[in-house]
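The values are calculated or read from the model by the stated rules, or taken from the named source; none is laboratory data. Keep in mind the model is a prediction, meaning the values are calculated, not measured. Cβ: placed from backbone, ideal geometry, glycine included. Neighbour counts: every protein chain shown.
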Ligand SMILES: Cc1cc2nc3c(=O)[nH]c(=O)nc-3n(C[C@H](O)[C@H](O)[C@H](O)COP(=O)(O)OP(=O)(O)OC[C@H]3O[C@@H](n4cnc5c(N)ncnc54)[C@H](O)[C@@H]3O)c2cc1C
């Protein structure tokens, strides 16, 4: 039988982890891992934390050692994109014009930053943060301190960047159209805690207003808010979310709706094409609906799950969405979905004033999400509670004397 070829489009965390799993599971055919960035696969969380703060070297972010790909006979093509898919011919065409036949194809093309389209948005000094190069450029702009940094967007990227900019001794203003930071991720209750945290660290946080435009002659010098205020700026960071990179899938006629639609085994509407990571809008049987998760753990686990499904294994990908963040001296992990509208009550266990607690979001008495703040080694218990889908006694949930495991 001729050797099989598995092609992976997108050489970041999901793609690299899928390649690793294919080899670990004994796949002996050809693996072509194609990535349009120059860098070999790397993880992005350090780009707004350790790497941006100059506390971690560049190499620490890489998914594998440089020689791992050769050693495992994984053909890594960096600086190359998958330009098109011919599903009928089972063939992709690379940006080099080279056609490559595939038996199975994994789309791990991730997401790209949403651009702010307002007057002045092309001025110098306006940064976005997705790639290693973006992070290096931002570091150069903020690392000397003493600059006026304006952050558009109080989501994860905006808040982590604000914390880094403060750590370097810059003046920082954050502008956010929602009533609280992280509003879409966790609602106003816990978003309010992040507002307090940043204000305590000297951030000028302006809520309920967006960015209407930028002033400057070549270089940005001020940000104009939707409320009409002019905020002086030497450096601007825009963190207003991402869009899934679905162009390839759309052009190939795959089903796409806020990401590439995949089933619980991460298979697209074409049985030989799979999708994982930020780009996949996957049916999660635990949640009973599709969800697109833009988190590190979903790329880390989804890539391998897709690889096993590509090998014909029976895969049910039902991970609970998980996220972590570090800002100043606050570390947190969050599991589940706590968007406004998904919950009707928030229950706390621990010391909120000292920011050492666990917050639980409940819907109809069932835990749908949990966040541990400066409390560790509880993610397993929190996720067990979510997975159990059983009503819990809120008083017992709030009582630190009752072991969480008992409630699940
Ligand atoms: C600054 C930053 C900090 C973050 N911090 C955290 C954190 O603290 N916690 C957390 O849970 N998550 C965090 N995330 C999110 C996490 O990094 C993403 O969820 C993860 O990177 C998704 O991995 P992925 O492999 O699916 O996609 P991506 O990382 O987006 O990679 C996709 C790759 O495919 C490439 N590509 C696209 N189209 C093609 C094509 N046609 N051909 C070839 N290549 C292509 C892209 O250029 C990219 O290199 C952070 C993200 C950023 C940007």
Options 138, 106: the member that is in contact with a strand residue (DSSP E or B) (Cβ under 9 Å, 6 or more places away or on another chain), within 26 Å of residue 195 (Cα to Cα) and within 16 Å of the ligand (Cβ to nearest atom): 138
Checklist (1) at pLDDT 95 or above; (2) more than 8 Å from the ligand (Cβ to nearest atom); (3) in a loop (DSSP other than H, G, I, E, B) applied to residue 11, failing item: (2)
Looking at (1) within 10 Å of the ligand (Cβ to nearest atom); (2) farther than 21 Å from residue 391 by Cα; (3) in contact with a strand residue (DSSP E or B) (Cβ under 9 Å, 6 or more places away or on another chain); (4) not assigned by the TED database to the domain that holds residue 398, find the lone condition where residue 306 falls short. (1)
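How about region 276-297: which of its residues are touching a helix residue (DSSP H, G or I) at 6+ places or on another chain (Cβ under 7 Å) and within 13 Å of the ligand (Cβ to nearest atom)?
Filtering region 276-297 down to residues touching a helix residue (DSSP H, G or I) at 6+ places or on another chain (Cβ under 7 Å) leaves 276-278, 280, 286, 294, 296.
If the condition is that a residue be touching a helix residue (DSSP H, G or I) at 6+ places or on another chain (Cβ under 7 Å) and within 13 Å of the ligand (Cβ to nearest atom), then 276, 277, 278, 280, 294, 296 are the ones that fit.
I'd like the residue in region 88-102 that is part of a loop (DSSP other than H, G, I, E, B) and away from the ligand (no atom under 15 Å from the Cβ) and, out of all such residues, is surrounded by the most Cβ atoms within 10 Å (Cβ to Cβ). Talk me through it step by step, then tell me what you get.
Taking region 88-102 and keeping what is part of a loop (DSSP other than H, G, I, E, B), we get 88-90, 95-98, 102.
Retained after the next criterion (residues that are away from the ligand (no atom under 15 Å from the Cβ)): 88-90.
Details: 88: 6, 89: 11, 90: 18.
Of everything passing the filter in region 88-102, 90 is surrounded by the most Cβ atoms within 10 Å (Cβ to Cβ).
Conditions tested, residue by residue: (1) surrounded by 15 or more Cβ atoms within 10 Å (Cβ to Cβ); (2) under 30 Å from residue 168 (Cβ atoms).
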residue	(1), (2)
45	yes, yes
48	yes, yes
52	yes, yes
56	no, yes
61	yes, yes
75	yes, no
79	no, no
Which condition number does residue 64 fail, the rest of (1) in a loop (DSSP other than H, G, I, E, B); (2) under 21 Å from the mean Cα position of the chain (by Cα); (3) within 9 Å of the ligand (Cβ to nearest atom) being met? (3)
